[in-house]
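Throughout, read-outs are computed from the coordinates displayed, never taken from laboratory work. Just so it is clear, the structure is predicted and the values come from calculations on it, not from any experiment. Every residue, glycine among them, receives a Cβ derived from its backbone with ideal geometry; neighbour counts consider all protein chains shown.
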Ligand SMILES: Cc1cc2nc3c(=O)[nH]c(=O)nc-3n(C[C@H](O)[C@H](O)[C@H](O)COP(=O)(O)OP(=O)(O)OC[C@H]3O[C@@H](n4cnc5c(N)ncnc54)[C@H](O)[C@@H]3O)c2cc1C
């Protein structure tokens, strides 16, 4: 079977690995040149670890990652609101891990043996038909595939070509991300919440910590805050994460947070996975977990159904309720952060642990 994967991110490489494990040899195109995406961290809740285990990659990821045993939320003065024992919660599923994004990419990509990967190549045309897809590439070559899998992220070209009406929408926050030295000895997933702002730090190794800061702003104001100093934007915060802002680096990533919500993920023989199908705000940190689960379920469906139409239907039927749950939880969590500060802090103090468990319990179930 000729399968093309468009996009060499977490979803695309996980898809290629899952297909290889099922005996297929897909092709993959990635529009970036052969270089790492650089400079950010990834927090992986236990279900992502379980999905990596399915791909036979959990041990390698564990070696490159920090183990995260707790999740703590504080107010902007550093007073504890709630703490969850994540190690205990995910015990029967998988460990929570955190690592630099580059490291995760390198492991996924390095595991591929039979995937023909071309970097610096995009697609410029796709004609999805009943039983095949004609694809035109940016290097002017063309080819026909039994299946095209769009794993090309939130601004997916495949999605634009097969579902032109679907657009990402802004969720109301912009964010900054960087990795720095863990000078303040942060342990576990640690967040501080202020009015319309969040500071979060997660160790990604013994020495380094991944810092994420976000702020609620109107969409047309994002350029205004892009170059502002984080120390001034978070000047009224005090507590364990604040010293980390002193080291804001040149390679800090800035972006606006968007989501993609759509009712169908395939048309003819072209299908979407990962952020291309269902990007969410990072409130649940489930982007990689959902992408790797998608890949596993899709490969399994292709291997078990004789008929590709039935496989695509099985993939959608299995994945949509779970993804829908995650997307709704992200929206609910983002909304809670906009409550008046005293009410939000009281809710977190009284119910923080319960709310965490309520959000993640459905994800303990295997896919
Ligand atoms: C601020 C922020 C923080 C986050 N934190 C976390 C976290 O801690 N944990 C977590 O699990 N998730 C997190 N996420 C979500 C996570 O980053 C995504 O869900 C995940 O990267 C999705 O992977 P993907 O492969 O679908 O898309 P991407 O990672 O976007 O990969 C898509 C790839 O496709 C390529 N591409 C695009 N267009 C084309 C084309 N036309 N032709 C060929 N190639 C193309 C791109 O170059 C890219 O390499 C976060 C997201 C944001 C915005």
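Taking only the alpha-carbon positions of the range 277-350 and ignoring solvent, what does the Debye formula give for the base-10 log of I(q)/I(0) at q = 0.11, 0.23 Å⁻¹?
Scattering profile of the range 277-350, log10 relative to I(0): -0.40, -0.98.
Between the helical axis of 10-21 and the dominant principal axis of the chain, each derived from Cα atoms, what acute angle in degrees is found, rounded to the nearest 10?
Helix 10-21 and the main axis of the chain meet at about 50 degrees.
State whether the range 176-317 is rounded, prolate or oblate according to the following rule on the C-alpha gyration tensor (a ≥ b ≥ c being the square roots of its eigenvalues): a/c under 1.5 gives rounded; otherwise a/b larger than b/c gives prolate, and the remaining case gives oblate. Before the final figure, lay out the partial values.
Working: a/c = 3.42, a/b = 2.08, b/c = 1.64.
Taking the square roots of the gyration eigenvalues as a ≥ b ≥ c, the range 176-317 is prolate.
Sticking with the crude label model, points 7 Å out along Cα→Cβ, report the distance from residue 80 to residue 106 in nm, one decimal please.
About 3.6 nm separates the two model spin labels.
Using the 10 angstrom Cβ neighbour count as an exposure proxy, how do 305, 227 rank, fewest first?
Least to most surrounded, the residues fall as 227, 305.
Relative contact order, percent, of the range 79-201 when contacts are C-alpha pairs under 8 Å separated by at least 6 residues? Don't skip to the end; give the middle numbers.
Working: 78 pairs, mean separation 12.9, N = 123.
This gives 10 percent for the range 79-201.
Would you calculate the separation in nanometres between label points at residue 231 and residue 309, each defined as 7 Å from the Cα along the Cα-to-beta-carbon direction?
It works out to 6.4 nm between the two label points.
What distance in nm separates the two pseudo spin-label positions at residue 341 and residue 223, each 7 Å out from Cα along the beta-carbon direction?
3.1
Provide 122, 98 in ascending order of the number of other Cβ atoms located within 10 Å of each residue's Cβ, fewest first.
Numbers: 122 16, 98 22.
By the 10 Å Cβ count, ascending, the order reads 122, 98.
Over the range 174-241, what is the mean sequence separation of C-alpha contacts under 8 Å (at least six apart), divided by residue count, expressed as relative contact order in percent? Could you put the intermediate results ahead of the total?
Details: 94 pairs, mean separation 23.7, N = 68.
Reported as a whole number, the value is 35 percent.
So what's the gap between the Cα centers of the range 32-87 and the range 107-122, to the nearest angstrom?
Between the Cα centre of the range 32-87 and that of the range 107-122, the gap is 24 Å.
Considering only the chain, what is the antiparallel percent among its DSSP beta bridges, to the nearest 5? Mind showing how you got there, number by number?
Values: 49 of 68 bridges.
The answer is about 70 percent antiparallel.
May I ask you to derive the relative contact order of the range 249-359, considering only C-alpha pairs under 8 Å and at least 6 residues apart, and to give it as an integer percent? Show your work: numbers first, answer last.
Working: 80 pairs, mean separation 24.0, N = 111.
Dividing the mean separation by the residue count of the range 249-359 yields 22 percent.
Using only DSSP helix segments of four residues or longer, with each worth -39500 (n - 2.57), what per-residue ellipticity at 222 nm results for the chain after dividing by its residue count and rounding to 500?
Values: 12 runs with 132 residues, N = 367.
After summing the helix terms and dividing by residue count, I get -11000 deg cm²/dmol.
I'd like the distance separating the alpha-carbon centroids of the range 254-278 and the range 183-201, in whole Å.
Their Cα centres are 29 Å away from one another.
Taking only Cα atoms, what is the 0 to 90° angle, nearest 10, from helix 308-336's long axis to the longest principal axis of the chain?
For 308-336 against the chain, the angle is about 10 degrees.
For 257, 5, what's the fewest-to-most ordering of other Cβ within 10 Å of each Cβ? Working shown, then result.
Values: 257 21, 5 29.
Ranked by crowding around the Cβ, least crowded first: 257, 5.
Return the ratio Rg/(2.2 N^0.38 Å) for the chain, where Rg is computed over Cα atoms only. Numbers along the way, then the final one.
Details: Rg = 20.4 Å, N = 367, 2.2 N^0.38 = 20.7 Å.
That works out to 0.99 for the chain.
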